[in-house]
Structures are given as C-alpha cells and as structure tokens.
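K.L.:
This structure is in structure tokens; I'll ask about it shortly.
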Amino acid sequence: METKTESSYRDTISIVDDKGGRKWVYPKKPKGKLYNARTIVSIILLAILFGVPFLRSDGHPVMLFDILNRKIILFGTFFTPSDYYLFGLIMISAFVLLFLVTAVFGRVFCGWVCPQTIFLEMVFRKIEYFIEGDYTRQMELNKAPWDNVKIFKKFSKYLIFFILSFIIANTFLAYIIGTDKLFKIMTDPMSEHLSGFISIMVFTGLFYFVFAWFREQACILVCPYGRLQSVLLNKNSIVIAYDFIRGEPRGKLSKDNEKKTGDCIDCKKCVYVCPTGIDIRNGTQLECVNCTACIDACDSIMDSINKPRGLIRFDSIEGIETKTKLKFTARVAGYIAVLLVLITITTLMFTSRKEIDVSILRTQGMLYQKIEGDRVSNLYNIKISNKTFNDLPVSFKLNNIPGEIKVIGENVNLKAAGIYEGSLMVIIPEESIKTVNTPITIDVYSGDNLITKEETSFLGPVN
Ligand code: SF4
Ligand code: SF4
C-alpha cells in the first residue's frame, strides 16, 4: 500500500541498523481488550499443546509423529507408510486452508495461533516484563553496570527461560516418541538413552536460542509463510491497517492546529508496542505479525482524546480507501473450490481406507520350481501393515485352485500398529496348471475373519 507518508521504510528491515547489525526490539508492554482476548486464546492453545501428548484412546496416544519408526497417529487413527498419500493430502488441504484464511483475513494465524508468537509474546515476554519491567526499564537495565540487582534479574530470567525451553523440548519430543518413551528417558540411567537425552538437550538449546535471543527474526527472516505474504495478500485482505484517510495529516494535538490535522496525534504509541519494531502507519509490511498490540495502543489514545476507536483496526486497504466491506473475490472462490475438492478426495480416501494393507508379489527374478509329488512352487514377498492397535495372527489360503501355502519362517503374527515383511511359498499340483501364467487368489485371514483377497499370478510349466 502506498500511503501519503514516505516509502523509504521499504528499503530497510525494521530490526536491522544502518551498519547491518541487529536493532534489539524493546516493545512496550501491551494492554487492552485484544491483548486480553489473545491471552485467553493462548492459554487455551497452550493447554491443548501441552495436554495432547497425554491423551489416550484405547491406551494409545491420540497424536504421535514417530517418523523414525514409521508410526504416525492423527486423532487416534494410525497411519502407516502406505497411507502417507493421505497424510500428504491432509497437509495440502491444511496449506490451502491457510492460504484461503490469509487471502481473506491476512496474517491472523501469526498473531493468534502460531506457537512462535504465542510462546514469545504470551510466555517469554510476559516473564521478561515481570522480572525486568516495561521497555524503558529493560533498556536502562541493559545499560546499567553488572551490580547484584542486574545479575539477579538476568540470571533468574535466563534460568526460567532455560527451564521453559526444556519443558517445550520435552513436549515437542513427546509428540515424536510418545510420553511413555519420554518418561523412560527421564527415569532410566542416562547411558541407556544417550540419543534421547542428546535430542532433549539439542531441542532445549534450540528453543532457548529462539525465545531468548533470536525472537522476532524467526518471523521476519526465517518463516516462509511470513515471506509469502506479499503474494497471498491483496487489497481486499483484512489486515491490521492504519486508516490513513482519517489519520493524516498527522500532528500533535493542539488548539491551534486541531482542525488542520487528522486523528493521528503522532504519539508513536503504536510504534512503541510493536514487537517487530515497525510503524504500521507506513502501511502493510512483511514484518507485521498481526499481534494487534498497536490497535490496543491506539484505541487507548483515541479514548483519551475523545476520538472514535479504530484508527488502527482490522480492515482491508480497499475498505479504508472506499469505506466498503469485504469483497468476495475470484481468488477466494478459487481457494474455496480447491479446498472443497481436496477435502472431498481426502474424506473419500479416508473412508475407503483398509485397516490392514496386504501386498503379495511374486519374488522378482525367481522362476517356478518343481518339487516332489509332481508339484510346482512359486516364491512370493508379502508385506502387511496393521493399522489397528491389536495384535493379529494372520494365515493364508489358496482360493481358486487346489494347492497349499507355506509361510517361510515363523507364522505371521502381526504386531499392533506394526508392519510384517516376509515370504511365502505357493505350491500347486502340476496337473492343475494349464498356462504359463495362472491367475491365483490368496485369501488372507485373521483367525476366522477374512481380511482381504489378494490377486496375483503363478508361473508354471505348460502340460
Ligand atoms: S497510536 Fe494512534 S495516534 Fe498515536 S501515533 Fe499511532 S496511530 Fe497515531
Ligand atoms: S504493526 Fe501492530 S499488529 Fe503488526 S506486529 Fe506491529 S504491533 Fe503487531
């Protein structure tokens, strides 16, 4: 958006100084209706984040992302590698939903849902305000000599940050390996779970680095979603916007020029509270994470000068320029259509998904073998994915032709949520073989339950 202000701010990043060094952001402690609402939302989301790893369905975690052991559980449903296309579809649908929400409501995800913002603004920053005080106190403390007070404040702050990072790292790991394994790592001797212990410490260090030092740089410099804003947003997207028509020309409140200036009294409160160090009056910027702190700050100023609230508000640039409401654009219609198609495909695939996947393929490069008793054998590779949480004994029967099936090795005993890979031999009397390539059907049973019928072929001599 080009406003009536200079646009030189677009040539620089708010958190980088003229020499290319980092400008540390000291945001003023926010307060107001939206900040309170965000606090409530973040408490709910944090409770969900920390609580979900402990939730069980039939004794199993409802969410698990154990990628190393190919074990993914989403909302109590177990996904094996053969289901990863479904998992991929769910992820694509989630991305399309995110793009749709962004096209309509801007970067609302960043301000209200993103774990980075929630942890930084609602957890770590609150602790910082509690220990070191508001932004001016923090600046003073950083400039002050290292006396006992400063040592105590800094030490206690970073100790709490480290403990919190440790808790977050453990929670993160609980989603990957499950709480049972995590408790084992914590309670068993360290030497028995060295890799688990190293993982916890690496993640603790990573979270500590991000929340104690890296901070808003994650949103501005690293996050790919943040960098996509310029292509996702348009003039009709609802963003945190400064009403430049109402606000400009800005100027200090005084009796002399009261009539000549707009509603912005240039108090810069909206700039002081911004955790990414930008001036929203310059227009929509990539750095804005929609935290709403500037809305609260400006509303409190408008209250104090008896002007209507909403000089900074949720609105589209089009809405501000033309004073019209949100428009339903072709792009939004396109996103909705794609999203509906993806949801339909995912639902259909999900509902037609088998709980046990069986694949029986003749072993490559092997021909038939004649064995005693005028019989012919073929070797097959079998792979069975058990997507249930029960152990299943599995057996095989030839369906459409006389003969027998011998499993190589031990009987197939499929572990709960496990994958079995092995071999079996199909043996057919030579007299029953009429062609070089005989279609056969193998019935796969668990106990007396027929799980599936697998079609394959049998090589043999022509009589
Ligand atoms: S807080 Fe409101 S009045 Fe103050 S500078 Fe920002 S936009 Fe202008
Ligand atoms: S401009 Fe406003 S909403 Fe955007 S990050 Fe800064 S304070 Fe938050």
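Every read-out reported here was derived from the displayed coordinates using simple, explicitly stated rules and does not represent laboratory data. Everything numeric here is computed off the predicted structure, so don't read it as measured data. Virtual Cβ from ideal backbone geometry, glycine too; neighbours counted across all protein chains shown.
K.L.:
Would you work out the charge dipole size for segment 356-459 about its Cα centre, treating the Cβ of every Lys and Arg as +1 and the Cβ of every Asp and Glu as -1, and quote it to the nearest 20 debye?
P.N.:
Details: 10 positive and 13 negative charges, 42 e Å.
The calculated dipole for segment 356-459 is roughly 200 debye.
K.L.:
To continue, here is another question. If you place +1 on the Cβ of every Lys and Arg and -1 on the Cβ of every Asp and Glu, how big does the dipole about the Cα centre of the chain come out, in debye to the nearest 20? Write down the numbers at each step before the final one.
P.N.:
Working: 55 positive and 46 negative charges, 417 e Å.
Using only the charged Cβ atoms, the result is roughly 2000 debye.
K.L.:
Rounded if a/c is under 1.5, else prolate if a/b beats b/c, else oblate: with a ≥ b ≥ c from the C-alpha gyration tensor eigenvalues square-rooted, which is segment 255-371?
P.N.:
On the way: a/c = 4.86, a/b = 3.28, b/c = 1.48.
Judged from the Cα gyration tensor, segment 255-371 comes out prolate (a/c at least 1.5, a/b above b/c).
K.L.:
Can you find, among Val113, Pro145, Tyr135, the residue farthest towards the positive end of the dipole of segment 103-148? Put +1 on the C-beta of Lys and Arg, -1 on that of Asp and Glu.
P.N.:
Value computed over the given set: Val113.
K.L.:
Continuing with the same structure: How much of the pair distance distribution for segment 412-463 lies past 15 Å, counting alpha-carbon pairs only, in percent? Display every interim value, and only then the final one.
P.N.:
Numbers: 801 of 1326 pairs.
Looking at segment 412-463, the distances longer than 15 Å represent 60 percent of pairs.
K.L.:
Answer with one residue from Tyr335, Gly310, Ser377: the one whose Cα lies farthest towards the positive end of the charge dipole of segment 308-405, charges on Cβ with Lys, Arg +1 and Asp, Glu -1.
P.N.:
Sorting the options by dipole projection puts first Gly310.
K.L.:
Binning every alpha carbon pair distance of segment 356-459 at 5 Å from zero, what are the percents per bin?
P.N.:
Once binned at 5 Å, the Cα pair distances of segment 356-459 give 3, 12, 24, 25, 17, 10, 6, 2, 0.
K.L.:
Taking neighbour counts of Cβ atoms within 10 Å as a proxy for exposure, in what order, fewest first, do His193, His60 appear?
P.N.:
Working: His193 18, His60 15.
Result, fewest neighbours first: His60, His193.
K.L.:
Under unit Cβ charges (Lys, Arg +1; Asp, Glu -1), what dipole magnitude, rounded to 20 debye, does segment 144-210 have relative to its Cα centre? Please report the intermediate quantities before stating the final value.
P.N.:
Numbers: 6 positive and 4 negative charges, 70 e Å.
Approximately 340 debye in magnitude.
K.L.:
Another one. Taking segment 279-412, how many lysine pairs are there with alpha carbons less than 17 Å apart, if each pair must be eight or more places apart or span two chains?
P.N.:
Numbers: Lys354/Lys383; Lys354/Lys387; Lys370/Lys406; Lys383/Lys397; Lys383/Lys406; Lys397/Lys406.
So the count works out to 6.
K.L.:
Using a Förster distance of 51 angstrom, determine the FRET efficiency expected from the C-beta separation of Glu430 and Ser191, and round it to 0.05.
P.N.:
Numbers: r = 60 Å, r/R0 = 1.17.
Computed FRET efficiency for Glu430 and Ser191 comes out at 0.30.
K.L.:
Net charge around Gly196, counting only other residues with Cβ within less than 13 Å of its Cβ (Lys, Arg = +1; Asp, Glu = -1)? Can you show the working numbers first?
P.N.:
Working: positive: Lys181, Lys184; negative: Asp66, Asp180, Asp188, Glu192.
Surrounding charge for Gly196 is -2.
K.L.:
Turning to a different aspect of this structure: Could I have the simple spin-label model distance between Asn399 and Leu367, label points 7 Å from Cα toward Cβ, reported in nm to one decimal?
P.N.:
Placing both labels 7 Å beyond Cα along the Cβ direction yields 3.0 nm.
K.L.:
Further question: What lysines could a cross-link reach from Lys184, if we take a straight Cα to Cα line under 21 Å and drop same-chain neighbours fewer than 8 places away?
P.N.:
Lys71
K.L.:
When only alpha-carbon atoms are used, what values of Rg and Dmax, in angstrom, describe the chain?
P.N.:
Rg then Dmax for the chain, in Å: 31.4, 114.
K.L.:
Now for a separate question. When the helix-only estimate is applied to the chain (DSSP H runs of n ≥ 4, each -39,500 (n - 2.57), divided by the residue count), what is the mean residue ellipticity at 222 nm, nearest 500 deg cm²/dmol? Show your work: numbers first, answer last.
P.N.:
Details: 15 runs with 173 residues, N = 463.
For the chain, the value works out to -11500 deg cm²/dmol.
K.L.:
Note down the nm distance, to one decimal, between modelled labels 7 Å out along Cα→Cβ at Ala333 and at Leu141.
P.N.:
Simple spin-label model gives 5.5 nm for this pair.
K.L.:
If you don't mind, there's one more thing I want to ask. What nm distance separates the two modelled labels at Asn306 and Asp180, each placed 7 Å from Cα along Cα→Cβ?
P.N.:
It works out to 6.9 nm between the two label points.
K.L.:
Could you compute the FRET efficiency for Ile245 and Ala212, with r as their C-beta to C-beta distance and R0 at 35 Å, rounded to 0.05?
P.N.:
On the way: r = 41 Å, r/R0 = 1.18.
FRET efficiency, Ile245 to Ala212: 0.25.
K.L.:
Output the 0 to 90 degree angle, nearest 10, between the alpha-carbon long axis of helix 84-105 and the longest principal axis computed from the alpha carbons of the chain.
P.N.:
Between the helix axis and the principal axis of the chain, the angle is about 20 degrees.
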